[in-house]
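Structure first, then comments.
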Amino acid sequence: MDKSFEPRQIESKWYARWEASGDFRPTGHGVPYSILLPPPNVTGTLHMGHAFQQTVMDMLTRYHHMRGCNTLWQVGTDHAGIATQKIVENQLAVEGKTRHDLGREPFIERVWQWKEESGSTITNQMRRLGVAADWSRERFTMDEGLSSAVRKVFIDWYRAGLIYRGNRLVNWDPVLGTAVSDLEVNNVERDGHMWSIRYLTADGSDSLVVATTRPETMLGDVAVAVHPDDERYRHLIGKQLHLPLTGREIPIIADDYVDKDFGTGCVKITPAHDFNDYAIGQRHNLTPIDIFTLDAKVNDNAPEKYRGLDRYEARKAVLADLEASGLLVETKPHKLQVPVSQRSDAVIEPMLTDQWFVDLTSDVQKDGRPGGRKAITEPALDAVRSGEIKFVPDNWSTTYTQWLDNIQDWCISRQLWWGHRIPAWYDEAGNIFVGDDEADARAHAGTTPVGALRQDDDVLDTWFSSALWPFSTMGWPANGPVKNEKGEIVANWENDKVFLPSAVLVTGFDIIFFWVARMVMATKYFTGLAPFREVYINAIVRDAEGQKMSKSKGNTLDPLDLIDGIEREPLVEKSTKSLLIPQVREKVEKRIRKDYPDGIPAIGTDALRFTFAALASYSRTINFDIKRAEGYKAFCNKLWNAARFVLMNLPEGEIPAPAGAPVTEAERWILTRLKQTLVEVEQYFVTYRFDLLAQTLYEFTWNEYCDWFLELSKPALNGDDSAAVASTRHTLLVVLETVLRALHPLIPFITEEIWQAVGPKLGLSSASNLLQRPWPDAASIPTDDAASAEIEWFKNVLSGVRRIRAEMNIAPGKTIPLLLADGDANDRLRVAKFATQISFLARVEAPQWIESGANEPSAAAAVVGSLRVLIPLEGLIDLAAEKARLAKEIGRIETEIKKCEGKLGNANFVANAPAEVVTQERQRITDWNVQLSALREQAQKLG
RNA sequence: GGAUGCUUAGCUCAGCGGUAGAGCGUCGCCCUUACAAGGCGAGGGUCGUAGGUUCGAUCCCUACAGCAUCCACCA
């Protein structure tokens, strides 16, 4: 083994071997354990959130594989409709073209081409992370198998009356030219104005004032609403108003929705461009008047002078005209929430359009069949309420159920080209025909089409296909094997349905609604099964200061840069490449030069993974600090060097297991601790406490195995007790091999590399991967509490001597005398037993006992129980300093004793506290007193 | 308006009824033959505030303050 750990060299070789070995595929035996990868955008790149999430999934997959489960990590990618189409449209824009210049078919061809070029980027990045995913089953949401599942779901739901087409008010993105769902709209606070406009009654005798943040929409007003109980306006209800600038007359209506105390108490009603107004319009049978084209320009329903104006130009024009006619009463600044499209940043315009919806809200259909609430929504709610699906942490189930309780119908049609085209056709009379293809659609229609059929131009929401991921990837609905383009079998429902429900879904809270809920709905409906048993909601990765990572802040980190390292200037270049605004660019440049004056050091995949594990508590966010990652790289190095130490202390060839029990106390102690560690680790896997899991293994490896056991093994290995030598060698090896297995799910590369050298020493074949070794069996590891107590004693003695040496500034290399006084019979036995270890590790001469009554030289002391461990002061130690040290220690113990006495002196405590707590307290006070008298005696001896 | 979190050492976070912990940072002393990406040692906290429950509260309850996120929103 090389002198230090070089991640780059070892990582490059292992992944290819793992993947080729077929070890990532299900074994076909054992309890099924499957995980679904949330399919990333096919043309995307790996970000920190992915890396974190995938590390978690990989730890779980590898752990269960080692436990003998029939493990499947189902991977694949998502076509990501809007995002992918936009990228290709941007590419076209560079050539000065739009998708319409190309036409639908050539454009889609071009998107496929882009998918072919960039589709493997993210999957190759995943490989760099070391994921134990079954790539032979990799799927794409638009491959044939998954597309046929999409069609079948659409058709089945349509035929069950659960998908309908309707003219509804939807969130319209005027830049992308498509409807988007409620979830794809963010409300952003912006500075705007509140304008008050006077509307005169038709007869001119009276007037009222409406308040609005969107004056241009008055062109589509169909009424003004007031509260029915509002004394100010009661006399006007039912009268007609003259709508300024339009020549139209509109009624004054009464509706509870209006808040008397807000604004003027009068609300203009524009049903075609506002969701609340739409609802009011429906209640009062008002016909909406839409005034915008699909690109948000004023249409022909408005007076001629405004036609063709963009909505914001129209606003200016309308305000100017109102002002001119004296109807603009007031303009004041106002903060308002503006709906913004997540994908394009465009301000959403509610628009009346024909769209497809999944019914999620009706109880019963007109013909008596169950409606969407009964058939789809409630089963999804029940799955979580009944505990069939469990959220981790549990409070996310509240978020889930509250959303489903208030759900709206799901708008599933998108006016895009890239995606699953809706399997619906229209005849010339507007009748709808739904089917797998045109022939199927005709065959299933109750009527004969009038004229030719034309397929719907729209595609389905990307999340529609994602919702089917749990079962579509398992081969549903095909009968028999599903093959990929190369003719290889990727799924077979008959066999693969054992992987449903999957064990756990690892995902971010941000897609609970988009994806998690919809998977539950679709999977429950079509298979009767839950898609997963648990949903582990992972934290969001932030930067070291807790700021959200964003390109415009320049605080994003590329996981690959952490793995491989990157110099400062290339990092600056890379981070500013896509920033177009000069000020932002400059700011980011500055920040990076400041944060990474030397670039980013290469920490390797294992250290990155370990960092993610160590940060993964139940907290909602994790702040990623490179410093922390560097610390875990040091841990990898520590493990590496521990392995080197063990291997260089072993003779050639296999190391046979000694016949009897381990010879030394140190061995029996480290095995005891190993067992406890494994038991804890298993618990942490069950509860998804990867932070505690990582910490437990870190502490065992570093603070116990390396700091104590390796050190204790040195005198044993150098001693002349050949049984102890043989036994210690074997235990060093066995514990190391076990730790490698326990750490493998977290840090697969380095453990594999080391194991290949360690395994053969135990007679294990290096031909197989570490993943194929069983998870350590804690139950078979022997424990020895007596040995553990002896080692604890030893650690106290040694630490005591070290403390004296450090505080008295005794050179570490200097061998000094060691005297012992008082103590009990046990101490005598232990000193005799550990004499060599004490001398070796504390750098002291052979310990000498001072019999009671004999003269003691003045000395510095460490007290362990009643035993006084003495370092003679002569020539070494500052007497005053030692007195001060003792006084401080005595003071500390006196405080502790006072606390104990306080408790035990309280009759209520003794009467009410559990017996074992009282006993424990009494024991403590006894122990403290033993130590105190030893310290006092020492102080007295010093004078 | 509804919901959910968070507030513990300089920083980032565990702990959650019975001796306050870790990593990083800080301060000493050491290149001791596995490891200076290291070793040994030290310092550092009235656990947001105020009440309550309890023999006992960082931990449970209530209120308040501050911070954060999600959902729904008044034109």
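Read-outs throughout are calculated quantities, based only on the coordinates presented, and are distinct from any laboratory measurement. Everything quoted here is computed from the prediction, not taken from an experiment. Every residue, glycine as well, gets a Cβ built from its backbone with ideal geometry; the counts of neighbours run over all protein chains shown.
Points to keep in mind about this one:
- For the stretch A:529-668, relative contact order (Cα pairs under 8 Å, six or more residues apart, normalised by length) works out to 28 percent.
- Magnitude of the charge dipole, chain A, Cβ model with Lys/Arg +1 and Asp/Glu -1, debye to 20: 1460 debye
- For the stretch A:499-633, the Cβ-based charge dipole about the Cα centre amounts to some 480 debye (Lys, Arg positive; Asp, Glu negative; other atoms uncharged).
- Considering only chain A, percent of DSSP beta bridges that pair antiparallel, nearest 5: 70 percent
- Legend: ranking of residues A:Lys86, A:Lys577 from fewest to most surrounding C-beta atoms inside 10 Å; resulting order A:Lys577, A:Lys86.
- Largest-first principal axis extents of the Cα set of the stretch A:663-760 (Å): 47, 26, 17
- Each of A:His100, A:Leu129, A:Ser118 was scored by the projection of its Cα onto the charge dipole of the stretch A:89-155, and the greatest displacement toward the positive side belongs to A:Leu129; charges sit on the C-beta of Lys, Arg, Asp and Glu.
- Seen from every direction in turn and averaged, the convex hull around the alpha carbons of chain A projects onto 53.6 nm².
- Contour minus Cα-Cα distance for A:Glu586 and A:Gln9 (0.36 nm per residue): 204.1 nm
- Working from label points 7 Å from Cα in the Cα-to-Cβ sense, the A:Arg936 to A:Glu488 distance is 7.9 nm.
- For the stretch A:210-274, the spread of Cα positions along the three principal axes, ordered from largest to smallest, is 29, 23, 16 Å.
- Estimated D of the stretch A:1-119 in µm² per second, where Rh is the Kirkwood radius over Cα pairs and Stokes-Einstein applies at 10 °C, 1.306 mPa s: 90 µm²/s
- Taking 0.36 nm per residue of sequence separation and removing the Cα-Cα distance, the A:Asp229/A:Arg922 pair yields an extension gain of 242.0 nm.
- Here the relative contact order of the stretch A:127-221, from alpha carbon pairs under 8 Å that lie six or more residues apart, stands at 12 percent.
- With contacts taken as Cα pairs under 8 Å and at least 6 residues apart, chain A reaches a relative contact order of 11 percent.
- Prolate/oblate/rounded label for the stretch A:616-678 (Cα gyration tensor, a/c 1.5): oblate
- Shape category assigned to the stretch A:818-880 from the gyration tensor of Cα positions, a/c cut at 1.5: oblate
- Top positive-direction residue, dipole computed over chain A with Cβ charges, set A:Thr84, A:Ala911, A:Leu72: A:Ala911
- Listed by Cβ neighbour count within 10 Å, with the fewest neighbours leading, A:Ser34, A:Ser181, A:Ser21, A:Ser325 appear as A:Ser325, A:Ser21, A:Ser181, A:Ser34.
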